[in-house]
Each structure stands twice: as C-alpha cells, then as structure tokens.
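Accompanying notes for the structure given below.
The values are calculated or read from the model by the stated rules, or taken from the named source; none is laboratory data. Model, not experiment: these values are computed from the prediction. Backbone-built Cβ (ideal geometry, glycine too); neighbour counts: all protein chains shown. Surface accessibility is based on the protein's heavy atoms, side chains included, excluding ligands, DNA and RNA. Shrake-Rupley method; radii C 1.70, N 1.55, O 1.52, S 1.80 Å.
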Amino acid sequence: MTVQSCEATVTFCLGISAKVAPRCVFQVIKCRAAVAWEAGKPLSIEEVEVAPPKAYEVRIKTAASGVCHTDWSYLVRAGKGMQLRPFPLVLGHEGAGVVESVGSGVTKFSQGDKVVPLFLPQCGECECCMSPKTNLCSKNWKNTQQGILADGTSRISCKGKQVYQFLGIGSFSEYTVILETSLAKVRDDSPLNKVCLLGCGVSTGYGAALNAAKVEAGTTCAVFGLGAVGLAAVMGCKVAGAKRIIAIDINKGKFKKAEEFGATDFVNPKDHTKPIQEVVVEMTEGGVDFSLECVGDVVVMRAALESCRSAWGTCVIVGWTELEELTVAPYDLLMGRTLKGTYFGGWKSVEGRGEHQNSHNGDRVRNYCFLKLKKQIYSYIHLMQLLISSR
C-alpha cells in the first residue's frame, strides 16, 4: 500500500501487492489499518477485520492512499475548526485500489477492476445529481459524513469495536468497503499510486481554477497556499491560459515546485510588513482577476478576497474549515467582487473521473510531480508533523 501526502508530498509504502486473493471473497478479511482511537491522539497500526460487502457495496484492496491535510485536521482539530466525528476512526479519503468482491445488486464493478473511492458520491438520481448547476449528491450524504454506510454501520472493526470509515471510505486500511455510488472505475493501465490523488487534492484544486473560478486566458491569478490543492490550482490556472500566476505561501521551499506547475511570481507573507492583500494589490496595480484560497483559514480567505480587483475580481474559497466564521466588508462585494466556494472542484465525481483520466494520460494533470520521498507506514506520525509545519 502506497500512501502519499498531499501537503508534504511524501510516499508511504506497506509493500503489499494490488493483486486480489480470490479465497477471501465474501469472508471477513483480517488486515492492517492505521486507527485513530480518539481525537488528538497518534494513529495506531492495528489488525482490523473488514466484513464482506452488503447490497450495493464494493470491497476493495487499497493499493495507494493520499494523506490529505483534511485527514490531519479531523484528527487534531476535531471539535475546534472541524466538527467532531465519531471515534475510533480509520482516516483516509484519497485512495485507489482493486475490487476484491461486490455485494448483491452491484452491476458496474467486478473483481479485479481498478477503482478510485469518492468522498463525494454521484448517485445519478437525486435532485442535485440531476441538476447541471451543482456537483453535490444527497444520497447517503449524512451517513458517510459520520463514517458509516447506507445501513448505519461501518464494515471495519477492531478489538470487538466498530471502527468508523472517514467520509465513508477509510483508505488507511489495507481493505475497505465502499458504497457503489462513491466509487469510480479507472483504466486498467492507470498507475494507482498516482491516480489516487484524483480522489481529492488534485481534482479539487484543478477544478477550482477551471470549473469554479473559470479562469480566462490572459488574466492574472493568485493562489494562496501551495499544498497539493494549491499546486493543482496553479496547474489549472496555467492550463486555462493565465499570463501571470502569483504563488503565495509562508514556506518558500514550495516555490520551486510551484514554478514547475506554472507559477510566475512568488510571495512569502513573512517577507513583508504589510498585509498580504496590500502586497498583491500593489504588485498587480489594482488586484488580481482571480484568487484561490487553498488553505482553509478564514483570515487568508478574507485576504484572498481583498486581493481581487474591484469591479470584476473573483475569489474562490477552496480550503476546508467548518466551525470558524468568515467576516467580509460589504463594500468589497458591492464594488463588484465575487466570492464563491467549491467542493471537489465542481466535478460531478464519477463523470469527472473520465475527464481526469484523459488529462492524466495526456500529461496535463501532472500527478507525478506530487511524489517525492518514500517511508514506511509506521511513520504516519512523522507525516502529521510535516503537515502541521507546512512542509
């Protein structure tokens, strides 16, 4: 199992094969998982039991999993910036794997298929799915947000206790069970250690630029935060034809990577005494056409809005936070700026997978650029330290 960090670009390996063992079909599988027993405490590598899939569910063998900053946030900031989820919990929502078995009623997947789990489902039947105005899906939304599947339970247990699956996925387990509406098939030649990043970070940032901001050719953009989401946003701005892309981060070590993705200017707020929005407005003689906030911090969100040019500037909130409140000056909106948000980059999750696949194989979505170091899965705590230090 390969585990990759969106923020720290780190690869973790369990060394297991993605091949499926047929003898396990419809039996309880014992395997390893990184379990969070309670909020704020280190993850623990445990032997867990993964039950067979029920109706309209699919059990997969995880081959790769990204470690998104959101995973860290729900572990460390639970009850603070993030709503408290039930524990014990298997984190991970940015995975890729191979179908091991399917439950009754499943017709779109079969054993051996390569797949990417989706924290945003697409049932194709609810009001949201039927509307071209949104990519949201309401089916089983409340359940998966609480780490359970359609019947109100999880398929993972440890030491006799139910272990919740983060966002209905739980990709920090060698095996997991996913609702069929939260799963997308990918091409047989897909490198799973790369396409797993399409499950969250790359799709979110890339789509934020193309679908939500709708960046136009010849414009100036600013991207706040250069984790995986921010780098993907830079990439999206570049693909859209932006002539100037300002990359903003407090860690100057990220600037070289941002340049590879298409950034033209680099700003570290720590190098300035003025608020970052004033710096951006001055260097662009009035503000940027598009700004994308990829941090999840309400102070940065306001700075991103105020970095936009009045009359037509658009600010897209991409970073995730739940319990904090954003305050804005009405004047900033009355003067023509647009403030909007996006979830999963605006992609219809299952349909969007095909678009990403074509882009990936055409080298437009440069997933390989997110890969850097290799470590063992037992270094999860080290990874969490990298995330908190913005490295």
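Thr327: net charge of surrounding residues, Cβ under 14 Å, Lys/Arg +1, Asp/Glu -1, itself excluded?
-4
Let me cross-check Arg32: its accessible surface, 1.4 Å probe, with only protein heavy atoms counted, in Å² to the nearest 10?
Counting only protein heavy atoms, the figure is 80 Å².
Order the following by accessible area, largest value first: Glu174, Glu180. Probe radius 1.4 Å; ligands, DNA and RNA are ignored.
Reading off the accessible areas and sorting them downward yields Glu180, Glu174.
Only sites in a loop by DSSP and with at most 15 other Cβ atoms within 10 Å count here; which trypsin sites (Lys or Arg not before Pro) in the stretch 217-255 make the cut?
Listed in order of number, the matching sites are Lys243.
Using unit Cβ charges (K, R positive; D, E negative) and no other charged atoms, how large, in debye to the nearest 20, is the dipole of the stretch 68-152 about its Cα centre?
300
Could you compute the net charge surrounding Ala78? Neighbours are other residues with a C-beta less than 13 Å from the C-beta of Ala78; K and R count +1, D and E count -1.
With Lys, Arg at +1 and Asp, Glu at -1, the neighbours total +1.
If I ignore ligands, DNA and RNA and count only protein heavy atoms, how much of Asp271 is accessible to a 1.4 Å probe, in Å² to the nearest 10?
120
Ordering Glu49, Glu306, Glu38 from largest to smallest accessible area (1.4 angstrom probe), what's the sequence?
Glu38, Glu49, Glu306
Under 1.5 on a/c is rounded, so check that first for the stretch 171-243, then, if it is not, pick prolate when a/b is larger than b/c and oblate when it is not; a ≥ b ≥ c are the square roots of the alpha carbon gyration tensor eigenvalues.
prolate
Is the shape of the stretch 22-142 rounded, prolate or oblate, going by the alpha carbon gyration tensor and its root eigenvalues a ≥ b ≥ c, with a/c under 1.5 for rounded and a/b larger than b/c for prolate?
In terms of gyration-tensor shape, oblate.
List residues of the stretch 154-172, by number, whose backbone nitrogen lies under 17 Å from a label position 7 Å along Cα→C-beta of Leu84.
Backbone N within reach: 164.
Can you give the local net charge around Val316? Use residues other than it whose beta-carbon is closer than 13 angstrom to its beta-carbon, Lys and Arg +1, Asp and Glu -1.
+1
For Val115, Val239, Val298, what's the largest-to-smallest order of accessible area, 1.4 Å probe?
Reading off the accessible areas and sorting them downward yields Val239, Val298, Val115.
Take the cross-link list Lys80/Lys252; Lys142/Lys340; Lys214/Lys348; Lys238/Lys270; Lys214/Lys243; Lys41/Lys194 and give me the ones stretching past 19 Å between alpha-carbons.
Lys80/Lys252; Lys142/Lys340; Lys238/Lys270; Lys41/Lys194
I need the trypsin sites (Lys or Arg not before Pro) found in the stretch 42-145, filtered to DSSP loop residues with at most 12 other beta carbons within 10 Å of theirs.
Filter output for the stretch 42-145: Lys133.
Rounded, prolate or oblate: which fits the stretch 304-346, taking a ≥ b ≥ c as square roots of the Cα gyration tensor eigenvalues, rounded meaning a/c under 1.5, else prolate when a/b beats b/c?
Note, shape of the stretch 304-346 comes out oblate.
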